[in-house]
Amino acid sequence: MTSSTKTNNLATEINSSRTRLVLACLVLIIATGALLRIAYLSSDSIWLDEAYSIQVAHENISGIIDEASRDVHPPLYYFLLHYWINFFGDSEESARLLSALFGIICIPLAYKLAALLFDRPTGILSALFMAFSHFNIDFSQETRMYSLLVMLTLASLYFFLKLFEARSNWMMMGYVLTSILLMHTHVYGLFVIAAENIFFLTLYFSSREIFKRVFKRWILAQSILFLLFVPWLTVLTRQVLRVRKGFWIPRPTWNEFRLTWITIAGSYKLTWLLVPLAAIPVILLLKRVSRASAHFINNGENQSNASLPFTNRQKILFLLIWLAGVILLPFVVSHFVTPIFLLKYTIPASPAFLILAARGVMSLRSLPVRTLLVVAFLIFALTDMRDYYRAIKKDVWRDSVAFFNQKAQRGDLVLFIEPAAHMPFDYYARRTDITEKPFPDYNNQLGRYDELRSDNVAELLKPVIEGHNRVWIVLSHQNELSYLVPMQMSEWYVVAEHRIDPGVEIYLFEKK
């Protein structure tokens with residue numbers, strides 16, 4: 001056996017050992033992330049938004065489309081939940097498990113995307129950060145579309161990058177499929193697609209050869225996406241016009257913009273750790289690091305993935321545009337067009353931040369320092385998780401309605417000050433022997449009370465309760481006007497029962 005053959009065999013053996021080690025680490029990280037997302041899945045009550053998801057999912061397909069067209073979110077998640085609960089039921093645990101599965105899939109996708117951009121160690125660290133991400137765990141335990149939104153964002157961006165790697169019809173099909181599903185999951189999916197287009201346009205100035213090589217395929221992909229989205233685009237246009245007339249989302253403040261980074265990091269402690277780490281690659285980008293000074297970043301195991309035709313600076317720019325597209329762009333739109341910015345809507349930007357932080361760790365030359373930073377992250381994250389699982393995170397409808405079911409009698413009137421509160425109430429009550437009504441002054445289009453005042457509450461209330469000897473008042477999502485109703489009721493009726501739970505307050509009034 002020649003010396004070159006021995007060298008090749010040794011290199012193959014080393015690569016095989018490293019691959020097995022990476023795979024073992026990734027399996028351990030995915031298993032840990034899965035446990036964190038499934039743990040205590042039914043500990044909190046179903047709250048209003050989750051009850052809405054379940055209610056919509058119980059409709060047939062045409063009913064789901066009709067309901068989604070009156071809301072602000074596209075219907076894909078409701079379609080999936082519809083078939084899911086048909087098979088597995090709509091219990092708290094079953095309904096939330098679908099989101100947990102999407103959240104678990106995000107972990108290996110974060111690894112694949114980060115490894116494609118940079119290298120396997122960055123991919124492993126990104127997967128670790130994603131597995132312990134408070135933001136992502138929280139919404140992996142909620143019957144809403146946010147973990148699906150993150151999963152499809154990662155998948156779309158992965159296939160987006162693969163378009164530059166090789167001419168493959170499979171990659172094109174993967175990109176179109178994941179992107180159109182993303183656009184039909186949440187309106188912020190459009191900002192992800194916008195970020196992809198912005199990055200592609202930057203290549204015209206930084207890598208014109210790559211831009212020209214991919215241009216025709218890119219135009220074809222975007223044209224297909226546009227044609228596939230046209231049916232929902234007409235609905236979206238109506239929704240935007242309706243939102244501009246008045247909507248419940250307030251105009252965001254700069255403090256909310258600051259809180260976005262704390263939310264994405266997971267806590268104040270993790271913000272102080274992860275934000276500086278995420279800033280390291282950005283600082284190197286701004287300094288226009290030369291190849292010589294950047295050598296320590298890309299040596300040995302940390303060699304950037306050579307299959308992508310991008311420089312390290314272009315890869316960091318890709319992550320920054322991803323962040324800006326999902327956070328800064330909606331923030332600007334909210335100030336100059338109509339308010340659409342919510343902290344939870346920015347969740348598809350969280351993997352970009354975590355990958356930047358992982359890259360920041362791998363940019364450090366000292367292995368002990370890197371190890372210390374990862375250990376510090378795990379300590380902070382586990383402390384946050386302990387507090388997270390101990391806390392009451394959602395309105396306690398389960399206990400409140402259990403109390404109601406014990407005390408309610410046939411023919412009782414239940415009056416909801418927040419009309420949509422009937423959805424979580426009905427999820428637990430499941431009664432047909434009572435009468436339910438919303439408070440008559442609620443403007444459902446604008447999500448507010450238009451006329452309720454202390455001098456007219458009696459006039460509005462009296463026709464609603466007439467003929468009922470027992471009236472339940474359900475308070476949730478309370479404001480300064482909420483207590484006008486029970487105060488007025490106490491002048492006509494006696495308070496027979498009163499229960500306060502986090503997020504929910506119930507009165508029973510009996511006629512004097």
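Once the GluC sites (Glu not before Pro) in DSSP loops with at most 14 neighbouring Cβ atoms within 10 Å are cut out of the chain, the longest remaining piece is 1-450. Is it possible to state the helix-based mean residue ellipticity at 222 nm for the chain, with each DSSP H run of 4+ residues giving -39500 (n - 2.57), the sum divided by total residues, to the nearest 500 deg cm²/dmol? What is it? For the chain, the value works out to -21000 deg cm²/dmol. Between residue 168 and residue 376, the simple spin-label model (points 7 angstrom out along Cα→Cβ) gives 3.8 nm. Rounded to the nearest 10 degrees, the inclination of helix 76-88 to the longest alpha-carbon principal axis of the chain is 70 degrees.
When both bridge partners sit in the chain, DSSP labels roughly 70% of those beta bridges antiparallel. Taking θ as phi - 60° and the Karplus parameters 6.51, -1.76 and 1.60, the scalar couplings of the stretch 373-379 work out to 5, 5, 4, 4, 4, 5, 5 Hz in sequence order, x denoting glycine and proline.
Roughly speaking, what is the stretch gain from residue 311 to residue 72, that is 0.36 nm per residue apart minus the C-alpha to C-alpha distance, in nm to one decimal?
Working: separation 239, 0.36 × 239 = 86.04 nm, distance 3.88 nm.
Going from the current span to full extension adds 82.2 nm.
In terms of other Cβ atoms within 10 Å, 483, 78 run from fewest to most in the order 483, 78. Scattering from the chain was approximated by placing one identical point on each alpha carbon and applying the Debye formula without solvent; log10 I(q)/I(0) at 0.07, 0.09, 0.14 1/Å stands at -0.46, -0.72, -1.46. Model label points for residue 224 and residue 491, set 7 angstrom from Cα along the Cα-to-Cβ axis, are 6.7 nm apart.
Remind me, relative contact order of the chain in percent, using alpha carbon pairs under 8 angstrom and six or more residues apart?
Numbers: 695 pairs, mean separation 81.9, N = 512.
Relative CO of the chain lands at 16 percent.
Fewest Cβ neighbours within 10 Å first, please rank 267, 62, 94 accordingly. Walk me through the intermediate numbers first.
Values: 267 19, 62 8, 94 16.
With the sparsest Cβ surroundings first, the list reads 62, 94, 267.
Computed over neighbours whose Cβ is under 10 Å from that of residue 475, the net charge equals -2, Lys and Arg +1, Asp and Glu -1.
Each Lys or Arg adds one and each Asp or Glu subtracts one; over the other residues with Cβ under 14 Å from the Cβ of residue 407, this totals -1. Computed over the stretch 397-511, the Cα gyration tensor eigenvalues convert (square root of 5λ each) into semi-axes of 20, 17, 13 Å, ordered from largest to smallest.
Of 395, 455, 501, how do they rank once you tally other Cβ atoms within 10 Å and put the fewest first?
Ordered from fewest to most neighbouring Cβ atoms within 10 Å, 395, 455, 501 come out as 455, 501, 395.
Helix 146-165 and the longest principal axis of the Cα set of the chain meet at an angle near 20°. Add +1 for every Lys or Arg and -1 for every Asp or Glu among the other residues with Cβ under 14 Å from the Cβ of residue 23, and state the total. Here the charged neighbours net out to +4.
The numbers here are math on the coordinates, done by the rules we state, and not lab data. These numbers were taken from a predicted model, which means no experiment stands behind them. Glycine gets a Cβ as well: all are built from the backbone with ideal geometry, and neighbour counts include every protein chain shown.
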